[in-house]
1. Quick check: anything in the range 61-79 within 23 Å of residue 97 (Cα to Cα), polar (S, T, N, Q) and touching a Phe, Trp or Tyr at 6+ places or on another chain (Cβ under 7 Å)?
2. Quick check on residue 122: is it in contact with a Pro (Cβ under 9 Å, 6 or more places away or on another chain) and of a type in the set (Phe, Trp, Tyr)?
3. Sort out which residues of the range 13-54 are under 19 Å from residue 125 (Cβ atoms), part of a strand (DSSP E or B), charged (D, E, K, R) and without any contact (Cβ under 8 Å) to a residue 40 or more places away in the chain, and write them in order of number.
4. Working only within the range 1-12, note down all residues that are within 11 Å of residue 69 (Cβ to Cβ), in a loop (DSSP other than H, G, I, E, B) and in contact (Cβ under 8 Å) with a residue 12 or more places away in the chain.
5. Being closer than 18 Å to residue 119 by Cβ, surrounded by fewer than 17 Cβ atoms within 10 Å (Cβ to Cβ) and of a type outside the set (D, E, K, R) is the filter here; which residues of the range 4-45 pass it?
6. If residue 103 satisfies all but one of (1) closer than 15 Å to residue 123 by Cα; (2) out of contact with any strand residue (DSSP E or B) (no Cβ under 9 Å at 6 or more places or on another chain); (3) modelled with pLDDT of 90 or more, what's the number of the condition it fails?
Amino acid sequence: MPGTDRVEIRTLKVGRFCVVDNEAYKILSISTSKPGKHGSAKARIELISLFSSKKMSHVGSVTDSIHVPMIEKGKAMVTHIDGDEVHAMNMKDHSMMILPLDEGMDIQPSTEILYMEALGRYKII
């Protein structure tokens, strides 16, 4: 999967990120069980989506590998707001980008915002 790296579940930590069903999630908690007579140790991971705030859990063997997203954060200058879209200029390379505007955000033109990009999706933080 482009934009990701593969790691074993046993190396994941709370507060880090992983990919399940092509969606980026933040890890809320991890609990592991001991290996049984005929099986390996299992890990239960509680997750919350970075973009939709949907909660879910994932269960897998601690030796299974899972995708970890490459997350890029940056600054952008708001040029204008069009409905529920924020048009902004990336401060690193001066390219234009369109970011979704979440409810309750008070963003004005000519202000600087922080954004996060993972798996080709953007979010204002």
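The values are calculated or read from the model by the stated rules, or taken from the named source; none is laboratory data. Quantities reported herein were computed from a predicted structural model and do not represent experimental measurements. Note: ideal-geometry Cβ built from the backbone for every residue, glycine included; neighbour counts use all protein chains shown.
1. no
2. For residue 122, the condition - in contact with a Pro (Cβ under 9 Å, 6 or more places away or on another chain) and of a type in the set (Phe, Trp, Tyr) - is met.
3. Answer for the range 13-54, where residues must be under 19 Å from residue 125 (Cβ atoms), part of a strand (DSSP E or B), charged (D, E, K, R) and without any contact (Cβ under 8 Å) to a residue 40 or more places away in the chain: just 26.
4. 1, 3, listed by residue number.
5. 7, 20, 22
6. The one condition residue 103 does not meet is (3).
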